[in-house]
Amino acid sequence: MKRSNEAMVGVVILAALILVTFGTLWLQGVTLRADEREVTAAFNRVGLIKAGNAVKLRGVRIGRIREIQVAPQGDLVEVTMRIQEDISLPDDAVAIVSPESLFGDWQIEIASRDHFPEHRYANPREPDHLPGYSIPDISQLTATADRISADIEVLTERVGIAFSEETARNIASLIENVENVTQRLSDLISQQADAFSGVTEEIQVIAEEVGYAATGARQSFERINQTLAREEFSQALSDMTEVTASLRQITREMEGTPEDIRGMAVKADSTFARINSIMAGLEAGEGTLGRLLEDPTMAQEMEGTLQELQLLLSDIRENPRRYLRLSIF
Amino acid sequence: MAIQIRDLYKSFGEKEVLRGFSVEAREGETLVILGGSGSGKSVTLKHVVGLLTPDSGDVVVDGQVVSELTSNELFKLRRRVGYVFQFAALFDSLSVAENVGMGLRRHSDMSQDEIRDRVTECLEVVDLEGFEERFPAELSGGQKKRAGIARAIATRPQYLLYDEPTTGLDPVTRAMIDQLILRMSEELGVTGIVITHDIDSAFRVADRFAMLHEGRCRFVGSPEEIRSTEDPVVRGFIEGRPELMEKAQ
Amino acid sequence: MIRLLGAPFAALGRGSTTLAEGVGRWGMLTGQTIQALRHVDVWLRLLLPQMARVGVDSVPIALFIAMFTGIVLALQASYTFTGAIPLYFVGVLVGKTMMLELGPVLTGLALSGRVGANIAAELGTMRVTEQIDALETLAYPPVAYLVVPRVLAAIIMFPVVTALAIGMGIFAGWATSIQLLDMTSAEFINGLTLFFVPFDVTFAMIKATSFGFMVASIGCFFGFTTEGGAEGVGHSTTRAVVVSSMVILVLDAFWAVTLL
Ligand SMILES: Nc1ncnc2c1ncn2[C@@H]1O[C@H](COP(=O)(O)OP(=O)(O)O)[C@@H](O)[C@H]1O
Ligand SMILES: [Mg+2]
């Protein structure tokens, strides 16, 4: 009894050693099989991936990340992956860092460049390294910004078409309102940046870019005001078109799945749809600009629409969780 | 080769147990220390092997002051002292044979076989042959005490300290243990201190008597002297007459 | 009146001096234990039996506790996560919780009851029946003979038992997930591996080692300082369990603060 118990000491210790050693290796995703090969990709930045994360091809896991290193020159991040030996990658393969789900686990998706030509891929130093691109993490925020800037663009176009000196003042006040909205959006984004330090860096960048765009927009709006009398308004409008286009360009880079913010998007949609229809009405000959001025309901409607948009934005600011629940998690 | 206890003081908290106790066990003799229970006899004995350290005063064994020894020197001294505990203090987790062989395994270069022989021999001496594989929980009180004696004598010590070796035993076993104490002293020249309440047994083994009373040595002398002493405390104690002792207070 | 008011403070003062004194004496025993390591000839023989007692005998209770912990973790995780969070997070939760917290702590607490109490009772009995004195008279250094093998055995075996318990807890969580929850093995394992870092294991082992040391040395301390017969032994045993359980929880927080 006593002796056999002492022999058990060895058995128990051995069992624990085996469990710890192989358990750790297994959980790290180290396989003892050798039929794997290494692939390296170069990125400008890599977001939140870490060693052990999945590497996928067409959504199927084919390996894992082995090592993440900044290149000695400091300009690239080189990520080494181990993938199954027998799987061949597309000729124009690129590596895209993306969230695997909304819960903080990230992955590298290997894809053909043709499928995602719009990204700005890093230029690898070695010819056999894959060009890589890292999708920023705050798709929810940027999707909204994208939509709003798109609508501002549409709005500006319509305003441009409908322009006449008489209505300029009314439209200027409308533009002021839009400027207001843009400012609020930019404030909102910097607030978000403060609240969630985990993604601070990403958000900071975007907040800055949006802020920059807003400043640009404001400047052009100011120029509209100043130049109204001097008939340089059309020049100002084209400036604004440029600015909003660049805003749109920025936000397009930050694409993602805006699903969780659908409520907001839908609201924004309908708001702009109404602005649109007003503008469409202006555009149609019968609705001359004079009529816009004379018709109090039209003007009211337009004002109400803008108020609605502002309400929506201040609601986002006050209850960001309603719209951003999942990015907070 | 003697044990000298010199002006020993020891208190536990408020309680002063020893207050200047002095006595000497000369080389080769068996000193019996008498004293009421709780008078500090066991405490005195523990000072001899350094289990307790005196508040003041010395115990000198073999010319060495016990409380001043380094732990290594103390271990060396202890190898030459056998201690029979009042309640045997056998190791519960070890068999009788392992208990008895404990001291041998620690500090002798005896082989396993030699140790086994010595253990058997010592168990025979205390009349416990055949009990080697028993565990202390399977022994009676008297058997435990005898196993404790066997353990104390196994290393052939030069000094033997017996703490109430015969208390609570039947007359036959008592006589056997008395003979054993005598044999140790006569055949091996062991210097011994025996603590006992058992007056008959005390007279059988004692070369000299000392009485510990109220923390001091009340009496020292030969068996003849103690029989003829006029001291009421000593007389009261050995004759079992508490009224004499009370009168002396 | 003043005396009446003073009484609680006096009690507090006494309480804290006893605590400080206790900690000091425990520290001394620990120092002696380290010194006694040099008596290899004394403790080496005793190490294996103690390892059997601390380790092997404790495996069933540790596995039992870990099994039910794993089951409950999986069920409660799925209950909490329903809807908003994907179910494979059950794997994350079971794995992380078993490794970082419940594996080491529950095993530590169970073994403080089992091993700590056992040590305190055994050494306490030896103290009050003078067996420790007897050891000394036989020229055995009692700390080397009694404390060193127990403390070493606990330091070695607590991590071993904890590792097995963690394994069992995760296994039970997995079994529950695929049997009772609508999960596949792959989902659970995906969750398990998702946030795993090898440091999780190191962390668990550091914790278990420190718990082992504490439980054994506290058990030895209370055993060694036992006074007053059978009642004293009972007292020491209770205190050993209470104190070492508290120390485990405090240490747990300490490691969380310092290492995480
Ligand atoms: N370790 C100790 N702590 C406190 N008191 C003790 C201790 N050892 C002995 N005493 C007290 O000292 C007194 C003498 O004890 P002891 O020497 O055992 O008596 P006896 O003469 O019956 O052997 C007793 O009152 C006992 O309570
Ligand atoms: Mg006594």
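The values are calculated or read from the model by the stated rules, or taken from the named source; none is laboratory data. Because the structure is a prediction, the values reported are computed rather than measured. Every residue, glycine as well, gets a Cβ built from its backbone with ideal geometry; the counts of neighbours run over all protein chains shown. These accessible areas exclude ligands, DNA and RNA; they are computed on the full protein's heavy atoms, side chains included. Shrake-Rupley method; radii C 1.70, N 1.55, O 1.52, S 1.80 Å.
Within region B:174-185, the set of residues being buried (at least 23 other Cβ atoms within 10 Å of the Cβ) and either within 16 Å of ligand 1 (Cβ to nearest atom) or at pLDDT 90 or above (or both) comprises B:ILE177, B:ILE181.
Conditions (1) open to solvent by 50 Å² or more (accessible area, probe 1.4 Å); (2) more than 13 Å from every other protein chain (Cβ to nearest Cβ); (3) without any contact (Cβ under 8 Å) to a residue 12 or more places away in the chain, marked per residue:
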| residue | (1), (2), (3) |
| --- | --- |
| B:ARG80 | yes, no, no |
| B:ASN99 | no, no, no |
| B:LEU104 | no, no, no |
| B:CYS122 | no, yes, no |
| B:LEU128 | no, yes, no |
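Figure legend. Inter-residue proximity from region C:34-61: first residues assigned to a loop (DSSP other than H, G, I, E, B), second residues not hydrophobic (A, V, I, L, M, F, W, C), beta-carbon distance below 6 Å, spacing 6+ or different chains. Indicated pairs: C:HIS39/C:PRO141.
Each residue in region C:38-73 was checked for being open to solvent by 70 Å² or more (accessible area, probe 1.4 Å) and farther than 27 Å from A:ALA15 by Cα, and 2 pass. Here B:GLU73, B:GLU68, B:GLU14 are screened, and the one residue that is over 16 Å from the mean Cα position of the chain (by Cα), within 12 Å of ligand 1 (Cβ to nearest atom), farther than 24 Å from B:PRO232 by Cα and open to solvent by 50 Å² or more (accessible area, probe 1.4 Å) is B:GLU14. Scanning region C:118-168 for residues that are open to solvent by 20 Å² or more (accessible area, probe 1.4 Å), away from every other protein chain (no Cβ under 11 Å) and hydrophobic (A, V, I, L, M, F, W, C) returns C:ALA121, C:LEU152, C:ILE155. Could you check region B:186-198 and list, in sequence order, the residues that are open to solvent by less than 20 Å² (accessible area, probe 1.4 Å), away from ligand 1 (no atom under 16 Å from the Cβ) and not in a strand (DSSP E or B)? Within region B:186-198, B:VAL190 is the sole residue that qualifies. Go through region B:4-43 residue by residue and tally those that are in contact with an Asp or Glu (Cβ under 7 Å, 6 or more places away or on another chain) and within 14 Å of ligand 2 (Cβ to nearest atom). Residues in region B:4-43 being in contact with an Asp or Glu (Cβ under 7 Å, 6 or more places away or on another chain) and within 14 Å of ligand 2 (Cβ to nearest atom): 2 in total. Looking across region B:145-173, the residues that are of a type in the set (Lys, Arg), away from ligand 2 (no atom under 16 Å from the Cβ) and buried (at least 19 other Cβ atoms within 10 Å of the Cβ) come down to B:ARG146, B:ARG151.
Of the residues making up region B:20-40, those that are within 16 Å of ligand 1 (Cβ to nearest atom) and either touching a Phe, Trp or Tyr at 6+ places or on another chain (Cβ under 9 Å) or within 14 Å of chain C (Cβ to nearest Cβ) (or both) number 9.
Here B:MET245 clears all of (1) in contact (Cβ under 8 Å) with a residue 40 or more places away in the chain; (2) over 20 Å from B:GLU24 (Cβ atoms); (3) in contact with a Gly (Cβ under 9 Å, 6 or more places away or on another chain) except the condition numbered (1). Every residue in region A:49-63 that is farther than 22 Å from A:ARG125 by Cα and buried (at least 18 other Cβ atoms within 10 Å of the Cβ), please. Of everything in region A:49-63, those that are farther than 22 Å from A:ARG125 by Cα and buried (at least 18 other Cβ atoms within 10 Å of the Cβ) turn out to be A:GLY52, A:ASN53, A:ALA54, A:LYS56, A:LEU57, A:ILE62, A:GLY63. Looking at C:ALA139, is it over 22 Å from C:THR237 (Cα atoms) and modelled with pLDDT of 95 or more? Spelling it out, it is not the case that C:ALA139 is over 22 Å from C:THR237 (Cα atoms) and modelled with pLDDT of 95 or more.
One residue alone among B:PHE219, B:PHE209, B:PHE203 is over 19 Å from B:ARG146 (Cα atoms) and either more than 16 Å from ligand 1 (Cβ to nearest atom) or part of a helix (DSSP H, G or I) (or both), and that residue is B:PHE203.
Taking region B:44-75 as the range and being within 15 Å of ligand 2 (Cβ to nearest atom) and among the charged types (D, E, K, R) as the test, only B:LYS46 passes. What about B:ARG146, is it closer than 22 Å to B:SER39 by Cβ and either within 17 Å of the chain's Cα centre (by Cα) or in contact (Cβ under 8 Å) with a residue 12 or more places away in the chain (or both)? No, not satisfied.
Hey, any hits in region C:28-51 for a residue that's within 17 Å of C:LEU106 (Cβ to Cβ) and more than 14 Å from chain A (Cβ to nearest Cβ)? No.
Only residues that are within 15 Å of ligand 1 (Cβ to nearest atom), aromatic (Phe, Trp, Tyr) and farther than 14 Å from B:VAL194 by Cα were counted across region B:76-91, and they come to 1. Hey, could you check region B:41-65 for residues that are in a loop (DSSP other than H, G, I, E, B), within 14 Å of chain C (Cβ to nearest Cβ) and within 16 Å of B:TYR83 (Cβ to Cβ) and say which is nearest to ligand 1 (Cβ to nearest atom)? If we take residues in region B:41-65 being in a loop (DSSP other than H, G, I, E, B), within 14 Å of chain C (Cβ to nearest Cβ) and within 16 Å of B:TYR83 (Cβ to Cβ), then B:LEU52 is nearest to ligand 1 (Cβ to nearest atom). Selection of helices (runs of 4 or more DSSP H) fully inside region C:171-260 by the criterion of at least 1 residues being within 30 Å of C:MET126 (Cα to Cα) and either open to solvent by less than 30 Å² (accessible area, probe 1.4 Å) or touching an Asp or Glu at 6+ places or on another chain (Cβ under 7 Å) (or both) returns C:198-224, C:229-259.
If I ask for residues that are more than 10 Å from chain C (Cβ to nearest Cβ) and of a type in the set (Ser, Thr, Tyr), which ones from region B:82-97 would you list? The one that is more than 10 Å from chain C (Cβ to nearest Cβ) and of a type in the set (Ser, Thr, Tyr): B:SER95. With a cut-off of at least 2 residues that are closer than 17 Å to B:LEU182 by Cα, name the helices (runs of 4 or more DSSP H) lying wholly within region B:78-160. So the answer is B:112-125, B:141-153.
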